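The values are calculated or read from the model by the stated rules, or taken from the named source; none is laboratory data. Remember, predicted model here, so these are calculated numbers, not experimental data. Cβ sites come from the backbone with ideal geometry, for glycine too, and all protein chains shown count toward neighbours.
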Amino acid sequence: MMIRMRTTAASLLAAALMTAGASAAQDRVVQLPRQDRVLQGTAPQVYAVGAAEGADHEIFGEIAGVAFDASDNLYVLDRPNARVMVYGPNGRFLRQIGRKGQGPGELTVPMQLAITGDGTVVVMDLARPAYSLFRPDGTFIRNVAVEGLMPGPNSPMAWHPRGGVVSTFRAAPSNNPRTGTHTENIVPLTFYPFGGGNPVRLYQIPQQWTTQSSSSGPGQMQIRLSPPPTFSPAVLFGVLPGGQMALSFTSGYTVRILDANGQTVRYLQRAMPVRRTTDRDRERARAERREMMQSGRGRITITRGGGGGPPPRGAPGGAEMERMLGEMRFADTIPALKGLRVAPSGKLWVERTPASGVEDGPVDLLTAEGQYLGTINGLGLPAAISRGGLAAFTEVDDLGVDRVVVRRLPQPWR
């Protein structure tokens, strides 16, 4: 059986906040200052990895995730090459973890990366589907099978101190899925334990994904996942050091702080306007989708037996591509927030959507208790932050080369 999934960036319905969680009377709403207080300082580059030509460890097919361990070593998940590359705090290549294949310690379609508190490397392999666990030196430990659930293809994954990972999950396609169309209106934020026990649904997030299943021949099945309209608010979340979580999924500037069991503790809000979607926004989004379809970035194929590899055919032809682009749906407004990251110190990095929608947005630094620390301009949101104050930023240059730039943050930002 072949399962082919076409996905775009994670996006959500602009659902009303009142439909989920505890009542407003039981929650504390913290109104953050309206005016920005710009934080002064610079983040000088320490090193960069990723090149069009060079040694094998310098070339990435497509970066699916980055993470730091407690020693400030950088881990880069290279999806097409099914491996994790590890670099020291100075950028020196240290080792490779995993390789392409279907045997023990091998990876097929790696989607997500996380590092546990003791340095265990966790890779979500969508083809198994399972979490593959490795020791820091790269030694394979075991696979933790995912039963009946499928992590969101573009969803974040975070290690939780309770001994598992947190991500958004959907019901996994069965071995013999029925043809037709199925729509899900809720996607749960779920804790998946590694030490035994059942997954725990932490929070029900309003989100509408449509699954279309069709048979393409004996023993074959195509499944197409259709996300919510472009510019719908994304699911943004992170796990705090003590097990609390920060979560955002609405159009306005609202970050919800959850306890370790998924109960709302407080809301962090700023009075930021939500602007209307323009024709220019829609054309820019179509151009970005066209480039992605032509390059094949983000395309995932799973075949019977868990194999992953090139799609059965290339990018859609010109007429088909334009038809698909013409069928794109768009939300009426642009969400206020673009990204969220939790630093090891517990500080929240909250990226606002820029006015033009192109460059990096301003990043607010907050505490989970609701203190506004200030705003960083011109830097963008790191993909990962280390305990020692390193920040990793993923980039794709004009030649389509994936790279990671590591910078050192000023002490007040850490």
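For the reader, a short list of remarks on this structure follows.
- Entry remark, segment 52-107: residues being out of contact with any strand residue (DSSP E or B) (no Cβ under 9 Å at 6 or more places or on another chain) and among the small types (Gly, Ala, Ser) number 4 in total.
- Condition broken by residue 155, with the remaining ones in (1) at pLDDT 90 or above; (2) within 18 Å of the chain's Cα centre (by Cα); (3) within 25 Å of residue 346 (Cβ to Cβ); (4) not aliphatic (A, V, I, L, M) satisfied: (1)
- A residue that is at pLDDT 95 or above and buried (at least 17 other Cβ atoms within 10 Å of the Cβ) cannot be found anywhere in segment 271-285.
- In segment 384-413, the qualifying residues are those that are out of contact with any Phe, Trp or Tyr (no Cβ under 6 Å at 6 or more places or on another chain) and surrounded by 21 or more Cβ atoms within 10 Å (Cβ to Cβ), and the one that is nearest to residue 267 (Cα to Cα) is 413.
- Considering the conditions (1) in a loop (DSSP other than H, G, I, E, B); (2) farther than 30 Å from residue 53 by Cα, residue 374 is excluded by exactly one of them, (1).
- Check on residue 22, farther than 17 Å from residue 273 by Cα, in contact with a strand residue (DSSP E or B) (Cβ under 8 Å, 6 or more places away or on another chain), of a type in the set (A, V, I, L, M, F, W, C) and modelled with pLDDT under 95: yes
- Taking the criterion of being β-branched (Val, Ile, Thr) and touching a residue at least 24 places away in the same chain (Cβ under 8 Å), the residues of segment 364-390 that qualify are 375, 376, 385.
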